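Structure, as structure tokens:
The values are calculated or read from the model by the stated rules, or taken from the named source; none is laboratory data. None of these values were measured; they are calculated from a predicted model. No Cβ is skipped: glycine too gets one built from the backbone with ideal geometry, and neighbour counts run over all protein chains shown. The protein model used for the area step is the full one, side chains on, heavy atoms only, and it has no ligands, DNA or RNA in it. Shrake-Rupley method; radii C 1.70, N 1.55, O 1.52, S 1.80 Å.
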Amino acid sequence: MAEALMDVKKLSNYIGGKWVEYQGEVTQVKNPANGEVITEVPLSSAETVNEAVETAKRAQKEWALTPAPQRAEVLYEVGNLMKERKERLSQLLTLENGKVIEEARGEVQEGIDMAFYMAGEGRRLFGQTTPAELNNKFAMSVRAPIGVVGIITPWNFPIAIATWKSFPAIVAGNAVVWKPATETPIMAYELAKIFEEAGLPKGVINVVFGSGSTVGDAMVHHDDLRVISFTGSNDTGRNIAAECGRQLKKVSLEMGGKNAVIVMDDADLDLAVEGIIWSAFGTSGQRCTACSRVIVHEDVKETLEERLLVEMEKLTIGDGLDESNKVGPIINEAGMEKIKKYIEIGKEEGAKLLAGGKELTDAGLGNGYYFAPTLFTDATSDMRIAQEEIFGPVVSLIPVENFEEAIEVNNGVTYGLSSSIFTRDVQRVFQAQRDLDTGIVYVNAGTTGAEIHLPFGGTKGTGNGHRDSGVQALDVFTEWKAVYVDYSGKLQRAQIDVE
Ligand code: UN1
């Protein structure tokens, strides 16, 4: 299967419109479902980053002068090619990331949606015209490209997140240097081929494969990369922000969540169970938006537990390419070790383990990394399992007495990405959407499922105030420029020559 889908034994960097073979160190890309080697990926040097930035700088000058509607034509073509190749891309995505094929198709669709949405921006990129305070003077604000921008993307949504960042950057007239995660380089390889075929001028996008410590670090330190857009771990994000702060470099961060579903006493419990199962165990919990806490009203706690256990039993776990599986593998050994560590922490802290809590090593799953969907109950908000991001199929129930306490518990974490409430009470719905301190709020749905034309990101430790996707992503990749045209033929002094 792996060979049929993946035709290249070793990936090359894509720099200046050329596939440049890397002569140095490589690492293996493994299928998380069975441990088989799919291909190899370069661990490029800092020098490779310098080459990519140089070529991007040259390409960007011309790209910035190409009218935005023409830039957008390339994105329409990118969208068309992605659409044509949707099934192949989805299978490759499952192969390298492990997520089940239905979810892979959803992720590729997210990228397609982003292509057409951002292509539409080629005919908008709206600024504002506004009256000037003096006669015979015209005032407007326009979006200007920033230059060469760096994007660093994670393995859990290797194509969708790349499109959230690269498409707005490109339509706005920037050139891009992109470091994809080494676990999932195939989506980057496929997307670069698509850009090439769609006619994106050489050098406007450049892919440099490699580690965060070398390639990522070189990007963050490069004077000519004026933006870093990063999705990944909290520690890395904070280091990037600190370094970019010193350089006055714009930085956009998305660094995870500790997302909760609140289940009130008047909730439709069947619906709540479905929402929890999907958002906690889909993608094996490896989403920034995954539900990892359930804040439940004490009156419905027992019923909810029982129903969750029934539905968890039904989850079929295995290779994501098998359509019958609902939960795929964990990305790699490090991911697995982290999850196991948190199971021990949860037990020590005194949470009650109701289901799962162990690695699945049953025959038939090969050398993949599988973890049983896990439910803790009687957790308290101060426990580490209720505070720290686990990034696995582990959810902790926290009982509360009332709505106010539910909101307090939801907000009592350092993260602020996504939250959800199940209730039939319209007053609580509106109070909740006002008071939940997260960048994304769902009512009567789980914590996942963001759509690309809305801003994606979060409050507090999740980020630094910027957003991916949506029209808001353009703010990351453009400078606002205020333009005044005085056609009075004389010197008119603002704030002074005003009658
Ligand atoms: C992520 O978890 O990193 O809302 C991205 C969602 C998806 C994107 C998730 N549309 O769950």
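A few comments on the model shown:
- When the helices of the chain are scored as -39500 (n - 2.57) per DSSP H run of n ≥ 4 and the total is divided over every residue, the value at 222 nm lands at -11500 deg cm²/dmol.
- Just so you know, the Cα atoms of the chain work out to an Rg and Dmax of 23.9, 85 Å.
- Scaling the Cα radius of gyration of the range 341-499 by the globular reference 2.2 N^0.38 Å produces a ratio of 1.58.
- Partners for K481 among lysines (Cα-Cα distance below 24 Å; same-chain residues under 8 apart left out): K57, K61, K137, K165, K249, K250, K490
- 10 Å-binned pair-distance histogram of the range 356-440 (Cα, whole percent): 15, 39, 27, 13, 6, 0
- Over every Cα atom in the range 1-63, the radius of gyration and the widest Cα-Cα span, Dmax, amount to 14.8, 46 Å.
- Computed over the range 1-145, the alpha-carbon pair-distance distribution with 5 angstrom bins reads 2, 8, 11, 12, 14, 16, 14, 9, 5, 3, 2, 2, 1, 0, 0, each value a whole percent.
- Bridge type composition, the chain - antiparallel percent by DSSP, nearest 5: 40
- E404 paired with T27, simple spin-label distance in nm, labels 7 Å along Cα-to-beta-carbon: 5.0
- Per principal axis, descending, Cα span of the range 416-499 in whole Å: 64, 30, 23
- The stretch between Y76 and E302 holds 76.3 nm of extra length on full extension. This uses 0.36 nm per residue minus the Cα-Cα distance.
- Computed accessible area, D319, all protein chains, 1.4 angstrom probe, square angstrom: 50
- Applying both filters, DSSP loop and at most 16 other Cβ atoms within 10 Å, to the GluC sites (Glu not before Pro) of the range 102-152 gives E133.
- Stokes-Einstein D (µm²/s) once Rh is taken as the Kirkwood radius of the range 199-289 over alpha-carbon pairs, at 20 °C in 1.002 mPa s: 131
- Note: relative contact order over the chain, using C-alpha pairs below 8 Å and six or more positions apart, is 18 percent.
- Net charge in the neighbourhood of P158 (other residues with Cβ under 9 Å of its Cβ; Lys, Arg +1, Asp, Glu -1) is -3.
- With Cα atoms as the point set, the range 278-387 shows a radius of gyration and Dmax of 14.1, 43 Å.
- Distance from the range 344-403 to the range 214-238 (C-alpha centre basis), Å: 32
- Interchain or long-range residues, amide H under 5 Å from T39's placed H: V29
- Cα-Cα pairs of the range 238-329 separated by more than 23 Å (percent): 43
- When nucleic acids and ligands are ignored and a 1.4 Å probe is applied, E348 ends up with an accessible area of around 150 Å².
- Kirkwood Rh and Cα Rg combined as Rg over Rh, evaluated for the range 76-129: 1.17
- Centroid-to-centroid separation of the range 94-162 and the range 276-333 [C-alpha atoms, Å]: 31
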